[in-house]
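Student: Sending over a structure as structure tokens; questions will come in a sec.
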Amino acid sequence: MIRGALVGAALIVLAALAGALYQQWRRAAGLRLQLDAATLELQQLQVACSRLAPAGVVQRLVADGTTPSAEATAERKVATALFADLVGYTAMSERLEPAVLARVLNGYFQRMSDAIHQHRGHVSTFLGDGILAYFGAIQPNPWQCDDAVRAALAMRAALEAYNVELTAEGLPALALGVGIHRGPGLAGLIGARERMEYGFVGSTVNLAARVQGLTRVHQVDILVTEALRAELDPHFVLTPMPPETVKGIVEAVVTYAVKG
Amino acid sequence: MATALDHVAWEPCPFEPQRDRALETYARRKQRMPNPALAYFAPVPWFARALVDLHPEYGLLLRLDYEVMDLVQLVVSQENSCRFCYAAVRAMLWAQGMSRARIERIEQDLARADLPPRTLAAIAFGRSQSRTGPAGAAAAREALARAGVGAEEMREIAFAVALTDFSNRAHSIAAIPSRPMERMPEQLHVRLMRPLMNLMLRRSRFHGQRTPEGAASVPPHSRLVRAYEGSPIAAALGRTLEALWASPVLTRRCKLLIFAVVSRGLSCQTCPHEIVSGLRREGISDATVAQVLTHLDAPELDPVERLLVPFARETIWYEPATIQRRVRALREQLAKPQLLEAIGVASLANGLCRLGAMVVDAP
């Protein structure tokens, strides 16, 4: 009788222990799943970051666990800068409802980004209605000039298609101005401690922006500099434009309009 | 089991596998187990055989430890986002007794994994070479030397990295289905056979023996083959290159152009001289070569070359799904063997360019 009770008690204790162990095992399995998911998410984030900055820079950031100094990540490179801006954006922004304007702009940015990405460019930043993109700043690209001009032509074609959609909706058509220049600069993580981005800085980017401004002067949509033209595939159809002085540059800038 | 490459988009394979019993027997004899992926490459025999012959596992290495080689292959496949090779190396590590937890720990935090410094240096080298290529070769050599890796072992690590780059491109660009390989460790019958697989793997992997020096090799890449004199790698590389040049699917000129474009895209200082000399012998003027390398086109190119020259450039830095869609589009314009051979040549060019910068220019 007593033996039976003892066996029963032992079985109850064993069952309670087994239950507790099972609970612990389930909890551990749940935590492990959460940890796996978090790790996977982090890895995916790292891969996503690699598309915004050279993988080496991302790896250094992850390994250090801190923000590296600009000296640690910046390097001198020759890259091509493409600066694009919407013509007549200010007037359009005053006419359209904010929600409609946002939708039109988002559609524009998406199409332009796709065209740049398809030709191995990297969109660095959106500045109001402007787009700054680089070719050859993240990965070496000996064909960066041809790529940049092909991207600009793809942007032109994409905008034409987008304008058909906008006009059908009774919205104003958009017009584009693109300036492209190739030259040396400093590529690396640029910004403040709280917010950094991988960028390409120097006079090359400034000149691309100035050349973009000249598209209004010459009444064309795509302009390239002499430095870029010298590296360009002769199959592109270019028209020389009269030299123009631009802010911050002593000599008049020679540019070429890209026809096709 | 979720892996770090689950998010990598992978398109359906545009090629049908083609059974080739002679190739299957050849691969089974060397690898001691079937390799179903080879059937996709069967229309181009040198390419399919190169995937077996150049695999460092089967008697090509003299010094490098196989565990180090496996880990190098794992991280290089991760770098190149090759779902197929990544799953294959993971399955190999698992079959050899490494626990899933340890594999995951290595993947997640290589810098802090419980591995010897020399192994960590080899892994870091694999990563940097896949990312930067020839531009980072000098720094990569110095880092390995600092970790105490000797010249011969360094050459073998470079070979393992370069050949993983080749294999990754071959499987990624051709979009070889990765799911069967990814599912392998989850299947009950595979799990039951794990000890047997381990035994077979251990029996099939062996270190090679020093070979007599003076293996003849024809350019281009003869300097690269000579750099491995005394190692079984020289003979394997020499045979593969000879078979590649002898293959009648694409012209020699077209293959040289693919090599030239990849070498230019990687800013390789080692390969261009031999390649440009080869193009000259094929009757292509220096001006045409310059135009092709500067603008990826020239009026003198034939229709196949005009398709494959820009394609070669896309194999240097790529996202798998994007290049797989590109291959699907090319499949409509080229015969299957032509496209497969172009993938093989471009993949090998990518591997050899990285390798050349490491071993030919070494002081």
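Student: From the set of residues in segment B:5-16 that are at pLDDT 90 or above, farther than 17 Å from B:ALA335 by Cβ and surrounded by 12 or more Cβ atoms within 10 Å (Cβ to Cβ), which is nearest to the other protein chains (Cβ to nearest Cβ)?
Tutor: The qualifying residue nearest to the other protein chains (Cβ to nearest Cβ) is B:TRP10.
Student: If you don't mind, there's one more thing I want to ask. Looking for whichever is under 27 Å from the mean Cα position of the chain (by Cα) and touching a residue at least 60 places away in the same chain (Cβ under 8 Å) here; the options are A:VAL211, A:VAL220, A:VAL201. Which one fits?
Tutor: A:VAL211
Student: Check A:ALA187, A:ALA175 and return the single one that is touching a residue at least 12 places away in the same chain (Cβ under 8 Å), of a type in the set (A, V, I, L, M, F, W, C) and under 21 Å from A:ALA74 (Cα atoms).
Tutor: The match here is A:ALA187.
Student: Further, regarding this structure: Given the structure, is B:ARG127 within 19 Å of B:PRO56 (Cβ to Cβ), within 12 Å of another protein chain (Cβ to nearest Cβ) and among the basic types (Lys, Arg)?
Tutor: yes
Student: Continuing with this model, one more query. Give segment A:160-207 a look and list any residue that's over 16 Å from A:ILE138 (Cβ atoms), in a helix (DSSP H, G or I) and open to solvent by less than 20 Å² (accessible area, probe 1.4 Å), or say none.
Tutor: Passing the criteria: A:TYR162, A:LEU166.
Student: Please specify each residue of segment A:137-148 satisfying the condition of being in a loop (DSSP other than H, G, I, E, B) and within 11 Å of chain B (Cβ to nearest Cβ).
Tutor: A:ILE138, A:GLN139, A:PRO140, A:ASN141, A:PRO142, A:TRP143
Student: Mind telling me which of the residues B:ALA135, B:ALA175, B:ALA139 ends up being at positive phi and of a type in the set (Gly, Ala, Ser)?
Tutor: Sole residue among the options that is at positive phi and of a type in the set (Gly, Ala, Ser): B:ALA175.
Student: Collect the residues in segment B:187-246 that are closer than 19 Å to B:SER277 by Cα and in contact (Cβ under 8 Å) with a residue 60 or more places away in the chain, keeping them in residue-number order.
Tutor: Of everything in segment B:187-246, those that are closer than 19 Å to B:SER277 by Cα and in contact (Cβ under 8 Å) with a residue 60 or more places away in the chain turn out to be B:HIS221, B:ARG223, B:LEU224, B:LEU244, B:ALA246.
Student: Name, by its number, the condition in (1) open to solvent by 30 Å² or more (accessible area, probe 1.4 Å); (2) within 14 Å of chain A (Cβ to nearest Cβ) that does not hold for B:GLN333.
Tutor: (2)
Student: Here is a follow-up. Kindly check whether there is at least one residue in segment B:338-353 that is crowded, with 18+ Cβ neighbours inside 10 Å, more than 25 Å from B:ALA160 (Cα to Cα) and touching a helix residue (DSSP H, G or I) at 6+ places or on another chain (Cβ under 9 Å).
Tutor: yes
Student: If a residue has to be open to solvent by 40 Å² or more (accessible area, probe 1.4 Å), more than 27 Å from B:ALA298 (Cβ to Cβ) and hydroxyl-bearing (Ser, Thr, Tyr) to count, how many in segment A:208-252 make the cut?
Tutor: Within segment A:208-252, residues that are open to solvent by 40 Å² or more (accessible area, probe 1.4 Å), more than 27 Å from B:ALA298 (Cβ to Cβ) and hydroxyl-bearing (Ser, Thr, Tyr) number 1.
Student: If you check B:ARG19, B:ARG63, which single one turns out to be open to solvent by 20 Å² or more (accessible area, probe 1.4 Å), more than 14 Å from chain A (Cβ to nearest Cβ) and under 30 Å from B:PRO116 (Cα atoms)?
Tutor: Result: B:ARG63 is the single residue among B:ARG19, B:ARG63 that is open to solvent by 20 Å² or more (accessible area, probe 1.4 Å), more than 14 Å from chain A (Cβ to nearest Cβ) and under 30 Å from B:PRO116 (Cα atoms).
Student: Can you list the helices (runs of 4 or more DSSP H) lying wholly within segment B:130-205 that have 2 or more residues being over 24 Å from B:LEU340 (Cβ atoms)?
Tutor: B:137-146, B:151-173, B:188-192, B:194-204
Student: Sticking with this one: Take A:ALA151 and tell me if it is part of a helix (DSSP H, G or I), more than 14 Å from every other protein chain (Cβ to nearest Cβ) and open to solvent by less than 10 Å² (accessible area, probe 1.4 Å).
Tutor: yes
Student: While we're looking at this one, here's another question. Given the condition within 14 Å of another protein chain (Cβ to nearest Cβ) and either closer than 23 Å to B:LEU339 by Cα or outside any helix (DSSP H, G or I) (or both), answer yes or no: does some residue in segment B:279-286 qualify?
Tutor: No, because not a single residue in segment B:279-286 is within 14 Å of another protein chain (Cβ to nearest Cβ) and either closer than 23 Å to B:LEU339 by Cα or outside any helix (DSSP H, G or I) (or both).
Student: Enumerate the helices (runs of 4 or more DSSP H) found wholly within segment B:2-92, keeping only those where 1 or more residues are of a type in the set (D, E, K, R) and free of Cβ contacts under 8 Å to residues at least 12 places away in the same chain.
Tutor: By residue number, B:21-31.
Student: Being in contact with a strand residue (DSSP E or B) (Cβ under 9 Å, 6 or more places away or on another chain), among the small types (Gly, Ala, Ser) and part of a loop (DSSP other than H, G, I, E, B) is the filter here, so list the residues in segment A:234-260 that pass it.
Tutor: If the condition is that a residue be in contact with a strand residue (DSSP E or B) (Cβ under 9 Å, 6 or more places away or on another chain), among the small types (Gly, Ala, Ser) and part of a loop (DSSP other than H, G, I, E, B), then A:ALA252 is the only one that fits.
Let's see how each residue does on (1) surrounded by 15 or more Cβ atoms within 10 Å (Cβ to Cβ); (2) within 13 Å of chain A (Cβ to nearest Cβ); (3) at pLDDT below 90:
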| position | (1), (2), (3) |
| --- | --- |
| B:CYS271 | yes, no, yes |
| B:PRO299 | no, yes, no |
| B:GLU314 | yes, yes, no |
| B:TRP317 | yes, yes, yes |
| B:VAL327 | yes, no, no |
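The values are calculated or read from the model by the stated rules, or taken from the named source; none is laboratory data. All values reported here derive from a predicted model rather than from experimental measurement. FYI the Cβ positions are ideal-geometry reconstructions off the backbone, even for glycines, and counts take in every protein chain you see. Heavy atoms of the whole protein, side chains included, go into the accessibility calculation; ligands, DNA and RNA do not. Shrake-Rupley method; radii C 1.70, N 1.55, O 1.52, S 1.80 Å.
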